[in-house]
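Take a look at the structure below.
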Amino acid sequence: MTQAYQALEAQFAELALMGSISSVLGWDAATCMPDGAAELRGQQLAFLAGQSHAKISDPALADHLAAAEAEAAGLDDWQRANLREMRRHWTHRTCLPARLVTELTQVTTESEHAWRSFRKENDFKGFLPHLRRIIDLTREMAGIKAETLGLAPYDALMDSYSLGLRMADVDRWFDELADFLPGAIDEAIEKQPPLPPAPGHASKEKQEALARHLMTALGFDFAHGRLDTSTHPFCGGFPGDVRITTRYDEASFMESLLGVVHETGHALYESQLPEAWRMQPVGEALGMAVHESQSLFVEMQLCRSAAFFRFALPLLKRELGMADQVTAQQLYTRAIHVKRSLIRVGADEMTYPLHIILRYELEKALLSGALDPADLPGAWNDGMVRLVGIRPDSDANGCLQDIHWPGGSFGYFPSYTIGAVIAAQLREAMERTLGPLDALVEKGEFAPITGWLKDHIHGQASRLSMAELLQQATGAPLTTDAFRRHLQGRYLNR
């Protein structure tokens, strides 16, 4: 190992520590920070972002990169992959001026906090100045990254979240789904049985106790993680201190249950990343499309199954006081009920990709200037009618519902549906080794499943590209075929 490479590992470890501090401060802002502290929190996070940018922009770090790359033959495979990821991080971050990094951090922190109030008050006009400012700054960032990376501006944004993800691929996959889903949704709605009665009221306290039991069964380590509440469920923190949140509806425990297992999928990925590389770029998760594949694997492939509800039914009855006559089949029928609805996070598995396709179309139009931000509500509502078949009754249930744009996360949304596509392909590969997963899930034997994921996905961290990782794990490049087979098997072949 060369001196230059050793120096880089030390420098990037400090950058990772700064990132972990920012992550916990962000978790605090979303869960328990007092309202009056939003401006101060913005300043704190902006300061950390500025310090981090100054550190990675230090000419000495660039010199170490060049020297280490010249002597890369002396490194092992993981070290060379780490050096490659260091260069990628450096390129993405140093191409931006420090002024823009600091301003984006402060503006998005304040915008996120303001969004919570404007959404609650259904006040798009009040939020519009925040949105315009974020879009202006994001356009500036995308333009700089596009020129540096030799990409289209939107591709440059997606590349920040999922390395190598390009509009050409996303357009093809989304076109295939947009051709398949409308007819499949009509057929699923026609074939599905009547929705069983709701299983009854469950207090927040009972739902939280249930969530903790299920998280533990799935492998979540409460010695190195937390469960809290927030307006929008998310997974934050840092490996070794993983924070997930949910929200509770006492009239319907299913939203919280499925939200918790979704975020637990994210948390398992973070907690099973290789500890030896925890503070290095190569030790990070491989982008948000793969990250979403892990949350959607746990939620959709495992926990929206009849087998899962047969496993969980005794626990549900014990923790929630559910009536004896409630059956696992009734709960499963409710969990996979297909319905055209307004809210993405509560959408069923079949209509969800159409929610994502809408956001993908709109954010590309916003960033290109084809759509003025003031016209977003109308474009959103028309798009919902065209794609999902339902018109929003308010902006709170329409274009104000997501945290992503208030937080400046343009280019993130495609990761959700690409993640669902990856998850289905992973399941087919996993079953070739482990046999039918339902047999394991019904017995609550999740360790072989999470062990396979650790070996093939989590433990690989960012050593490989997404294409290489999926080829190695599944034996094939990514297609929508397995996802469509999954939807047909669950919803159409009843």
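Binning at 10 Å from 0, report for the stretch 3-153 what percent of all alpha-carbon pair distances ends up in each bin.
10, 32, 31, 18, 7, 2
Measuring from label point to label point, each 7 Å out along Cα→Cβ, what is the Trp78 to Arg99 span in nm?
That separation, rounded to one decimal, is 4.3 nm.
To the nearest 10 degrees, how steep is helix 38-56 against the longest Cα principal axis of the chain, on a 0 to 90 scale?
50
Can you pull the one-decimal nm distance between simple spin-label points at Glu190 and Ile21, each 7 Å off the Cα toward Cβ?
Modelled inter-label distance: 6.1 nm.
Could you give the length gained on full extension between Asp63 and Asp221, defined as 0.36 nm per residue of separation minus the Cα-Cα distance, in nm? Don't jump to the answer; show the numbers that get you there.
Numbers: separation 158, 0.36 × 158 = 56.88 nm, distance 4.03 nm.
Between Asp63 and Asp221, full extension yields 52.9 nm more.
Taking the Cα centre of each part, how many Å lie between the stretch 107-158 and the stretch 358-380?
The stretch 107-158 and the stretch 358-380 have Cα centres separated by 12 Å.
Could you give the distance between the Cα centres of the stretch 276-312 and the stretch 1-23, to the whole Å?
If we compute the Cα centre of each part, the gap is 26 Å.
Taking 31 Å as the cut-off for C-alpha to C-alpha distance, list the pairs among Lys191/Lys364; Lys120/Lys206; Lys191/Lys443; Lys145/Lys454; Lys125/Lys364; Lys120/Lys317 that go past it.
Lys191/Lys364; Lys145/Lys454; Lys120/Lys317
Can you tell me how much longer the chain between Leu40 and Arg172 gets when fully stretched, taken as 0.36 nm per residue apart minus their C-alpha distance, in nm with one decimal?
Working: separation 132, 0.36 × 132 = 47.52 nm, distance 4.39 nm.
So the chain would gain 43.1 nm between Leu40 and Arg172.
Over all directions, what mean area does the Cα convex hull of the chain project, stated in square nanometres?
22.1
As a test of the formula, what do you get for the chain when each DSSP H run with n ≥ 4 contributes -39,500 (n - 2.57) and the sum is divided by the residue count, at 222 nm and rounded to the nearest 500 deg cm²/dmol?
Mean residue ellipticity, 222 nm, calculated: -20500 deg cm²/dmol.
Output the antiparallel fraction of DSSP beta bridges having both residues in the stretch 168-492, as a percent to the nearest 5.
Among the beta bridges of the stretch 168-492, antiparallel pairing accounts for roughly 45 percent.
Between Glu121 and Ser465, how high is the FRET efficiency from 1/(1 + (r/R0)^6) when r is the Cβ-Cβ distance and R₀ = 41 Å? Nearest 0.05.
The value I calculate is 0.40.
Return the distance in nm (one decimal) between the two label points of a simple spin-label model at Asp455 and Leu315, each offset 7 Å from Cα along Cα→Cβ.
The answer from the label model is 2.4 nm.
Rounded to the nearest 0.05, what FRET efficiency is calculated for Asp375 and Glu445 with R0 set to 35 Å and r the Cβ-Cβ distance?
With a Förster radius of 35 Å, E is 0.10.
For the chain, find the longest principal axis of its Cα atoms and tell me its angle to the long axis of helix 376-387, 0 to 90°, nearest 10.
50
Using a Förster radius of 41 Å, what is the FRET efficiency between Ile144 and Arg432 based on their Cβ-Cβ separation? Nearest 0.05, please.
Computed FRET efficiency for Ile144 and Arg432 comes out at 0.40.
Every number here is computed from the coordinates shown, using simple stated rules; none is lab data. Since the structure is predicted, the reported quantities are computational estimates derived from the model, not experimental observations. Quick reminder, even Gly has a Cβ in these numbers, built from the backbone with ideal geometry, and neighbours come from all protein chains shown.
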